[in-house]
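Below: the structure, in structure tokens.
The values are calculated or read from the model by the stated rules, or taken from the named source; none is laboratory data. Remember, it's a predicted structure, so these values are computed and weren't measured experimentally. Cβ sites come from the backbone with ideal geometry, for glycine too, and all protein chains shown count toward neighbours.
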Amino acid sequence: MLGKDLAQRAEQAGLNASAPPQEKLIEGWLIRLSPGKAKRSRCINALAVGTLPLDELLARCQAAFAAAGLPLYVRITPYSQPDDLDALLAAKGWPASDAADVMVLAALPSHASLPAGQNLQALDAADYAQLVGHLRGSSEAEISAHAERLAASPVAYRGFALRDDGTDELLACGQFAREGAIVGLFDIFTPPAQRGRGHALKLCRQLLQIAAADGAVEAYLQVGSDNFEAQRVYARLGFQFAYRYHYRSAEISSA
């Protein structure tokens, strides 16, 4: 049985690693206002119950999001406060969206070498944000916000591109953020033409191996709940389901 302590460490580490420069606390709710594409950097994380009535607290948060020109999203996890927040927002007619699974790994895998003809290239924050942003079709503003968040993160990111030696073609890319003994994998991406060839699996093994050499002993990641192909890759590495989260917002259609 997966221990709750590892799941809770993964949640805290994920919050720390995704912190943008634009954040503040309102009554114990962590408000993040990055203009980037990732919802985890532009949402509310309800970390404490607070003393204000829910409607007043939401109104204060809405003012902050409106001032930033962003829609208000509340990230709902098993740790959200108050405990019935999800039900309260659902009763207001706020639809749920973008469910994601947090998966954890209690022990990092053993040494694995890259196949002949492949190499791992280290990238700085700006270069990595450009690479993965263009692959995903992000806007220049979203790419810039991503680079800003990576560079300013209190938990250092290390980004890498897996390439073919002969052609320099990109096979996969990804990054990790290590905080003490726990490491998170982020933004793992394989170009469409390279999918189904095991490149993401090889890349993740290399990232975990580098993190282990730096002192990591356990890992976590976040993956879309409907991204079954990626989940199978992570399961082959030994990752297990820990918990699911989703978002709620009054600004999306329930249709």
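On the stretch given as the stretch 153-180, residues that are over 11 Å from residue 121 (Cβ atoms), in a strand (DSSP E or B) and of a type in the set (A, V, I, L, M) total 2.
Pick out the one residue from 132, 104 that is closer than 21 Å to residue 235 by Cβ and among the β-branched types (Val, Ile, Thr). 104 is the lone residue from the list that is closer than 21 Å to residue 235 by Cβ and among the β-branched types (Val, Ile, Thr). With respect to residue 126, is the statement that it is surrounded by 15 or more Cβ atoms within 10 Å (Cβ to Cβ), of a type in the set (A, V, I, L, M), out of contact with any Pro (no Cβ under 9 Å at 6 or more places or on another chain) and at pLDDT below 95 true? It is true that residue 126 is surrounded by 15 or more Cβ atoms within 10 Å (Cβ to Cβ), of a type in the set (A, V, I, L, M), out of contact with any Pro (no Cβ under 9 Å at 6 or more places or on another chain) and at pLDDT below 95. Scanning the stretch 72-99 for residues that are exposed (fewer than 13 other Cβ atoms within 10 Å of the Cβ) and either outside any loop (DSSP other than H, G, I, E, B) or at positive phi (or both) yields 87, 91, 93. All conditions but one from (1) under 19 Å from residue 251 (Cβ atoms); (2) acidic (Asp, Glu); (3) free of Cβ contacts under 8 Å to residues at least 12 places away in the same chain apply to residue 84; the one that does not is (1). Is the stretch 127-135 home to any residue that is closer than 23 Å to residue 205 by Cα and β-branched (Val, Ile, Thr)? Yes, the stretch 127-135 has at least one match.
Residue check: is residue 170 farther than 29 Å from residue 8 by Cα, modelled with pLDDT of 95 or more and buried (at least 21 other Cβ atoms within 10 Å of the Cβ)?
Working: farther than 29 Å from residue 8 by Cα: yes; modelled with pLDDT of 95 or more: yes; buried (at least 21 other Cβ atoms within 10 Å of the Cβ): no.
Against the criterion (farther than 29 Å from residue 8 by Cα, modelled with pLDDT of 95 or more and buried (at least 21 other Cβ atoms within 10 Å of the Cβ)), residue 170 does not qualify.
Scanning the stretch 1-30 for residues being within 16 Å of residue 73 (Cβ to Cβ), among the hydrophobic types (A, V, I, L, M, F, W, C) and crowded, with 20+ Cβ neighbours inside 10 Å gives a total of 1. Return the residue satisfying two criteria in turn: it lies in the stretch 36-71 and is under 19 Å from residue 83 (Cβ atoms) and among the polar types (S, T, N, Q), and of such residues it is surrounded by the most Cβ atoms within 10 Å (Cβ to Cβ). So the residue we want is 45. When the stretch 241-251 is limited to residues that are touching a strand residue (DSSP E or B) at 6+ places or on another chain (Cβ under 6 Å) and not aromatic (Phe, Trp, Tyr), the one that is nearest to residue 88 (Cα to Cα) turns out to be 248.
So that you can scan it fast, the table gives a plain yes or no per residue for (1) modelled with pLDDT of 95 or more; (2) at positive phi; (3) crowded, with 18+ Cβ neighbours inside 10 Å; (4) small (Gly, Ala, Ser):
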| residue | (1), (2), (3), (4) |
| --- | --- |
| 208 | yes, no, yes, no |
| 214 | no, no, no, no |
| 217 | yes, no, no, no |
| 220 | yes, no, yes, no |
| 223 | yes, no, yes, no |
| 235 | yes, no, no, yes |
| 250 | no, no, no, yes |
| 254 | no, no, no, yes |
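Which condition number does residue 102 fail, the rest of (1) buried (at least 19 other Cβ atoms within 10 Å of the Cβ); (2) free of Cβ contacts under 8 Å to residues at least 40 places away in the same chain being met? Looking at each condition in turn, residue 102 falls short on (2). The set of residues in the stretch 184-239 being part of a helix (DSSP H, G or I), charged (D, E, K, R) and within 19 Å of the chain's Cα centre (by Cα) consists of 205, 229, 232.
For the condition under 22 Å from residue 245 (Cα atoms) and out of contact with any Asp or Glu (no Cβ under 8 Å at 6 or more places or on another chain), residue 110 does not qualify. Every test in (1) of a type outside the set (A, V, I, L, M, F, W, C); (2) part of a helix (DSSP H, G or I); (3) more than 21 Å from residue 208 (Cα to Cα); (4) assigned by TED's automatic domain parsing to the domain that holds residue 192 is passed by residue 128 save one, and that test is (3).
Where the second residue is crowded, with 19+ Cβ neighbours inside 10 Å and hydroxyl-bearing (Ser, Thr, Tyr) and the first is more than 11 Å from residue 37 (Cβ to Cβ) and lies in the stretch 124-146, which pairs have Cβ atoms under 8 Å and are six or more apart or on separate chains? What qualifies is 125/157; 128/157.
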